[in-house]
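This report concerns only the one structure given below.
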Amino acid sequence: MILDLPLILETRRNHALEHATLHVLARKYPRQSMGGHSNPTGFLLYGKLDVQDIWTAATEAMTRLRAGESNLAVHPGCGTNLVTSTVLAGAFGWMPLRGAKSTFWRIWLIPIAVIFAAFGFFLSRPAGPWLQANVTTEADLGDMKIVDIVRLSDVVHRVITK
């Protein structure tokens, strides 16, 4: 399966660890704005964070994922949710307008398009987390290890995995 190809699987595992680490860090930094970005060799964390706190959080996150807390791999702030809601709302909103041949009919169909878009957005609420859990993350980390955490700037840290 394409999701199990090495580079994709490593990215999905790092994405799960990134989310789990953010969940753990959110307890220590409840008002801190944080984010992340994953790739096959690890992930970036954005936010005013301490390197030792990241080590502690990432280690705890890894332990908890391995203990079966796969729900930590799903995060409400994930870009998967944003993309899902945008695509579904846009696609559903476009559907009633696509067959209209004149501006006159398009104007009259706008309220219907808005209702369709709202329905698409409504559908995206469970679809985004489902996509995270089944496509964009992999909570089974295999034999992944945290190799290093590098401070790139005051607000960017690189977590390197292998």
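Stretched out straight at 0.36 nm per residue, the stretch from Val114 to Arg31 would grow longer than its current Cα-Cα span by 26.4 nm. Among the GluC sites (Glu not before Pro) in the range 58-162, those placed in a DSSP loop whose Cβ has at most 14 other Cβ atoms within 10 Å are Glu69. For Lys162, the aspartates and glutamates whose Cα falls under 13 Å of its own Cα, not counting residues fewer than eight places away in the same chain, are Glu10, Asp143, Asp148.
Going by how many other Cβ atoms sit within 10 Å of their own, how do Met62, Met1 line up, fewest first? Could the numbers behind the result be given before it?
Numbers: Met62 21, Met1 6.
Taking fewest neighbouring Cβ atoms as first place, the list is Met1, Met62.
The mean sequence separation of alpha-carbon pairs under 8 Å and at least six residues apart, normalised by the residue count of the range 1-160, gives a relative contact order of 31 percent. For the range 118-126, putting each phi into the Karplus relation 6.51 cos²θ - 1.76 cosθ + 1.60 with θ = phi - 60° gives couplings of 4, 5, x, 5, 4, 5, 6, 4, x Hz, in residue order, rounded to whole numbers and with x for Gly and Pro.
If you take the beta carbon distance between Thr63 and Ile160 as r and set R0 to 30 Å, what does 1/(1 + (r/R0)^6) give as a FRET efficiency, to the nearest 0.05?
My answer for the efficiency is 0.95.
A dipole drawn for the range 1-104 from +1 and -1 charges on Cβ atoms has a positive end, and of Gly35, Ala91, Thr103 the residue lying farthest that way is Thr103.
Its relative contact order, with pairs defined as Cα atoms under 8 Å and 6+ residues apart, puts the range 79-129 at 58 percent. Taking 19 Å as the cut-off, the amide N atoms of the range 130-162 that come nearer than this to a point 7 Å along the Cα-to-beta-carbon line of Tyr46 belong to 150-160. The computed Kirkwood radius over Cα pairs in Å for the structure shown corresponds, within (1) 15.3; (2) 16.1; (3) 17.3, to (3). For the range 87-130, trypsin sites (Lys or Arg not before Pro) are listed when DSSP marks them as loop and at most 13 other Cβ atoms sit within 10 Å of their Cβ; the list is Arg98, Lys101. Of the chymotrypsin sites (Phe, Trp or Tyr not before Pro) found in the range 61-162, not one falls in a DSSP loop while having at most 15 other beta-carbon atoms within 10 Å.
Bear in mind that the values in this text are calculations on the coordinates, not laboratory data. Predicted model only: the values in this text are computed from it and were never measured. A quick note on method: Cβ atoms are made from the backbone with ideal geometry, for glycine too, and the neighbour counts reach across all protein chains shown.
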